[in-house]
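The values are calculated or read from the model by the stated rules, or taken from the named source; none is laboratory data. In this text, all values refer to a predicted model and were calculated from it rather than measured experimentally. Here Cβ is always computed from backbone atoms with ideal geometry, including for glycine, and neighbour counts include all displayed protein chains. These area figures cover heavy atoms from the full protein model, side chains too; ligands, DNA and RNA do not enter into them. Shrake-Rupley method; radii C 1.70, N 1.55, O 1.52, S 1.80 Å.
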Amino acid sequence: QVQLVESGGGLVQPGASLTLSCAASGFIFSWNFVGWFRQAPGKEREFVARFNYSGGDATYSDAVKGRFTITKNNAKNTMYLQMNSLKAEDTAVYYCAASPRNYYNDGRDVRYWGQGTQVTVSS
């Protein structure tokens, strides 16, 4: 059974940094398509970042490019999202996503989702 468990969310001030983690069981990050999405209150789910096949290059949304970094520790089967220079508009529930096949950046065809972790950026 596949489980994705996010952690690391919290309340921070604008300009601060935060690192989210996604620990997987029953699923091998290094072999598959994995990434992060977020959903703000009253808004649709939004693509944040992803690794493509075999985890080479990463892709980011324009909203986070240059501020967020997605990484993986294959030995720990854990994925991270380092978030710097956080803004109020980054406030959302962040979800880890994983799939054995490629998925769309609107979330279609994602096979597995984590439960989400809340990130709130406010002064």
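In table form, for the structure just shown:
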{"read-out": "Region 82-123, subset of a type in the set (Asp, Glu) and within 14 Å of the chain's Cα centre (by Cα), residue nearest to residue 33 (Cα to Cα)", "value": "106"}
{"read-out": "Counted residues, region 1-22 - those being open to solvent by less than 40 Å² (accessible area, probe 1.4 Å) and either part of a loop (DSSP other than H, G, I, E, B) or basic (Lys, Arg) (or both)", "value": "4"}
{"read-out": "Search result, residues across region 28-54 that are within 16 Å of the chain's Cα centre (by Cα) and closer than 18 Å to residue 115 by Cβ", "value": "29, 34, 35, 36, 37, 38, 39, 40, 45, 46, 48"}
{"read-out": "Leading residue by the ranking (least open to solvent (accessible area, probe 1.4 Å)) among those in region 23-43 that are of a type in the set (S, T, N, Q) and closer than 18 Å to residue 78 by Cα", "value": "32"}
{"read-out": "Filter result (surrounded by 15 or more Cβ atoms within 10 Å (Cβ to Cβ) and without any contact (Cβ under 8 Å) to a residue 40 or more places away in the chain) within region 64-89", "value": "64, 67, 68, 69, 70"}
